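Here is the structure we will look at, set down as structure tokens.
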Amino acid sequence: MKQIHEVKYENALDKCLAFIGAIIKKHNLDPLKIKVILNLLIPYDEFESRENIEKNIEKNIQNYYFQDMRIQSKLVSFNCYPEGFGGFINRASSNHQSLLKEKKIDVLMIGHRNCTCLIFDRGSLFHGETISTGFYDLIKDVKGNSIGQKLDELEFIIPKYFEDLKQT
């Protein structure tokens, strides 16, 4: 939990390269002939860094090592979207496509470290905003207002509480 409030895009390169390496290793692919199509979700308040992320990935993906295996690959396509965009895409891929192109749609994504609201107007991202209150801060608030609770225990107790509420 120490890294909960770190900027995610700073780790994006390492995580993407490791993910690609793990796939190559698991499926016994030729590490010298990989073409990559990458879709990446990052917090809306870090969205302006997407071009830097793409440049770093495009540069480093050409030649790197993963668990002593040399990988030479090419970035064929890079798409970067704000977290919460998946909720919009999910609705767009269902039977609501015409509705999405005619209406204004708000998507609220409540994450572990923050909350993001994305506003789509007729299918295009119109506005977005992120606040730094998320599930982790909720746990800290509960701990601060109770006696004898431990953060690592509350991480499991609080979700269980809300699951129990859904069933009633």
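Backbone amide hydrogens, once placed in the peptide plane, bring His112 within less than 5 Å of Phe135, excluding anything fewer than 5 places away on its chain.
The order of the peptides 16-22, 137-143 by mean Cβ neighbours within 10 Å, most packed first, is 16-22, 137-143. A simple rule links phi to the HN-Hα coupling: the Karplus curve 6.51 cos²θ - 1.76 cosθ + 1.60 with θ = phi - 60°, which for region 131-143 gives 10, 8, 10, x, 4, 4, 5, 4, 4, 4, 5, 4, 4 Hz, with x for Gly and Pro. The amide H of Ile42, built 1.01 Å from its N in the peptide plane, has Tyr81, Glu83 as neighbours under 5 Å, considering only residues 5 or more places off or on other chains.
Each value in this text was obtained by applying a stated rule to the coordinates, not by laboratory testing. Not measured: the values here are computed from a predicted model. Cβ atoms come from the backbone with ideal geometry, glycine included; neighbour counts cover every protein chain shown.
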